[in-house]
Amino acid sequence: MMNFFIERFLGGKQGAVAIALLALLILVIFPLALDLFRLNLVGKYLTFAFAAVGLVLLWGYGGILSLGQGVFFGLGGYAMAMFLKLEASDPQSTAIQTTPGIPDFMDWNRLYELPWFWVPFESFAFTLLAILVLPALFAYIIGVAMFKRRVGGVYFAIITQVIAVILTVLIVGQQGFTGGINGITDLRTLNGWDIRTDSAKYILYFINALLLLAVIMISRFVLTSKLGRLLLAMKDKEDRVRFSGYDVSNFKIFIFCLSAVISAIGGAMFTLQVGFMSPSLLGVVPSIEMVIFAAVGGRMSLIGVVYGTLLINFGKTGFSETFPELWLFFMGGLFIAVVMFFPNGLAGIYNKYVSKLAFLQRYLPAIKLPKSKADTQSNASSSASTSDNAAEGAKS
Amino acid sequence: MSTNTDFLLAIEDLTVSFDGFKAVDSLTMYIDKNELRVIIGPNGAGKTTLLDLICGKTKASSGSIQFKNQEITKLVEHQITRVGIGRKFQTPSIYENLTVYQNLEVSYSEGRSVFGSLFFKSTPKLEAMIEEVASDIQLTEFLETQAGVLSHGQKQWLEIGMLLMQEPELLMLDEPVAGMSAKERDETAELLNRLCKNRSVIVIEHDMEFVKKIARKVTVLHQGKILAEGAMEKVQADEKVIEVYLGH
């Protein structure tokens, strides 16, 4: 039983080590080393890592490039935001509105009644269900329409991108129903629990980190099953799989739905931690950024993409503070460089170079030990994030 | 036309036209149980198209294909595979990124639905079967090897092995010895002769030396029609056949 768990959910011994190191980094090192503001920022980055993990399943293994994962991130995020907004819009706190009890932006847009599709989001249970079911349903509809007709490759990528555009336009245009370009803001409590307090931010960070680890383990289970091998087989020789008696489209639909749900969980956690949801998080640019996170981390590595996401986002924050205009060019250049020279991203670099140095590790402790403890500790805290990023993108 | 027969595969009046060009033209052909049939013919005779029609890759314009008295022209590819027809492609079509073992495992006929494959567990029966097939195709020592690094001939065999994992009643092979060495050809001939003991096999082949080693009954296609059919010697002596094909 234990063996089964290690093999299928952690990916063998090597995978177990990699996931343990990731857990150590995000559950122990970050919370200890970073102040709450920075930790909250990392929590935000980690919500994007959900989308990147989904892309490992869909793009890395399934060979299906979606440029619209932001759509599902947004669906999850908006579902959560709608619930929180309704809770924040109780009649007392909205007493000055023409129609008290409805979200403020509706009132500004002269809506006098809660739209019908908002009503179910008064229930927390429904909201949680919607975060999982809505993106799956939406992905299922797109998947059936595309994959049953054997639309794939570039066409699929373009269509998913178009869907991201359409959804953005729709949300921006229907301001009264959606909050428009500003999104849904001013979110306060979750079932009465104030999510803006320091303790809430800590708790949400840990929930988010644990959910991410759980999602990675579930994804690992999928990839180590026969279905995982079939995905690789389909990517290589789709016709052969079809003529081996498999309905290829069903497998593509499944993995698309799963990646959508994973992405949506990230979106919901984003809303909770950052406190708003807006169309700028589900359009073309964030969708492509998610693909870049996956590419840089290594699209065949569930754990590598988490490091990729963190690295790019640290870079984005740091770099764009200094050279705001150059960041997009830098990221574009990085993406091209990774695709050209390191198609398997950080994880690929790790597997190719660093793991070959493994034999050195036998000698390393002997060299390192004489160093004073204080010295290594200060090193550890400053270099923890960077060296771990580069080194532990293990286990594809 | 559609009457019950004892044939495994009954092709009747089958036609497919691509923009008016009839690649297969009112073709009628029957395959018996446990028969090994070789189809020969010059380039463009419609051999590969015929296999495409049977396995569902191409849809027929008219006519019928019955497998065990079940009409299969309306079925889609994976359904045709599931009734018991396996198809090997002309160029070896294997999964380069998987090991030989995984190639064979993925081709096994259980766990074919999404959730079936997600919760699929290997059984002793499956492992025994993989062992058996691997020894049949002489790849026992390569089970843990990445299929991509196999030699061309081994890839051809692996694909035949993958078809065997599907336990088909009808096996269709499109030029199985293309690109093989003389020794590999002999071994493939032996393998095919063993294979047809408990299933029917259709082979498309150009190499006449190879055909002579395996053929009992030969069908000669020419311009989408059957030019001649019968024992190898009889076909070789047929003047029409010599004229269009064997002569040069």
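FYI, it's all coordinate maths here, none of it is from the lab. Quick caveat: nothing in here was measured; it's all calculated off a predicted structure. When we count neighbours, we look across all protein chains shown, and the Cβ atoms used for this are built from the backbone with ideal geometry, even at glycine.
Within segment A:105-186, the chymotrypsin sites (Phe, Trp or Tyr not before Pro) that combine a DSSP coil assignment with at most 12 other C-beta atoms in a 10 angstrom radius are A:Tyr112.
Per-residue shielding of B:86-99, expressed as the average number of other chain Cβ atoms within 10 Å of the residue Cβ, stands at 4. Annotation: the residues B:Met29, A:Met82, sorted from fewest to most other C-beta atoms within 10 Å of their own C-beta, follow the order B:Met29, A:Met82.
Computed over neighbours whose Cβ is under 13 Å from that of A:Thr94, the net charge equals -3, Lys and Arg +1, Asp and Glu -1. In chain A, which longest range has no GluC sites (Glu not before Pro) that are both DSSP loop (not H, G, I, E or B) and surrounded by at most 16 other Cβ atoms within 10 Å? So the longest stretch without any such site is A:114-324.
Here B:Lys234 is the anchor, and the aspartates and glutamates within straight C-alpha reach of less than 17 Å, apart from those fewer than 8 places off in the same chain, are B:Glu209, B:Glu243. Legend: mean number of C-beta atoms from other chains within 10 angstrom of residue C-beta atoms, peptide B:118-128, equals 2.
Given R0 = 45 Å, the distance between the Cβ atoms of A:Gln14 and A:Arg188 translates into a calculated FRET efficiency of 0.50. If you run the Gaussian network model on chain B, springs between alpha carbon atoms under 10 Å, then out of B:Ser26, B:Ser61, B:Ser117 the most flexible one is B:Ser117. Name the most mobile residue of A:Ala264, A:Ala337, A:Ala79, meaning the one with the largest mean-square fluctuation, in a Gaussian network model of chain A with Cα contacts below 10 Å. Looking only at A:Ala264, A:Ala337, A:Ala79, the biggest GNM fluctuation is shown by A:Ala337. Between A:Leu210 and B:Ser113, what's the calculated FRET efficiency when r is the beta-carbon distance and R0 is 51 Å? Round to 0.05. Efficiency computed from Cβ-Cβ geometry: 0.95. Exposure proxy for A:Leu310, B:Leu143: other Cβ atoms within 10 Å of each Cβ, ordered fewest to most, give B:Leu143, A:Leu310.
Working from label points 7 Å from Cα in the Cα-to-Cβ sense, the B:Lys183 to A:Arg149 distance is 5.3 nm.
For segment A:2-391, the Cβ-based charge dipole about the Cα centre amounts to some 1740 debye (Lys, Arg positive; Asp, Glu negative; other atoms uncharged).
Exposure proxy for A:Arg188, B:Arg37, B:Arg194: other Cβ atoms within 10 Å of each Cβ, ordered fewest to most, give B:Arg194, A:Arg188, B:Arg37.
Volume per residue of the convex hull around the Cα atoms, evaluated for segment B:118-214, comes out as 117 Å³.
When segment B:1-84 is described by a simple charge dipole with +1 on each Lys and Arg Cβ and -1 on each Asp and Glu Cβ, the residue from B:Ser64, B:Val83, B:Phe7 located farthest towards its positive end is B:Val83. Please work out whether segment B:95-139 counts as rounded, prolate or oblate from its C-alpha gyration tensor, where a ≥ b ≥ c are the square roots of the eigenvalues and a/c under 1.5 means rounded, while otherwise a/b larger than b/c means prolate and anything else oblate? Note, shape of segment B:95-139 comes out oblate. When the Gaussian network model of chain B links Cα atoms closer than 10 Å, the mean-square fluctuations of B:Glu205, B:Glu141, B:Glu96 top out at B:Glu141. With both labels modelled 7 Å from their Cα along Cα-to-Cβ, the B:Lys121 to A:Leu328 distance reads 5.4 nm.
Over 22 Å apart at the Cα level, from the set B:Lys125/B:Lys213; A:Lys13/A:Lys352; B:Lys74/B:Lys217; B:Lys183/B:Lys213; A:Lys226/B:Lys125; B:Lys33/B:Lys121, are B:Lys125/B:Lys213; B:Lys74/B:Lys217; B:Lys33/B:Lys121. With the simple model of a label 7 Å out from the Cα in the direction of the Cβ, A:Tyr353 to B:Ser62 spans 6.7 nm.
Global dimensions of the protein assembly as shown from alpha-carbon coordinates: Rg and Dmax equal 30.2, 101 Å.
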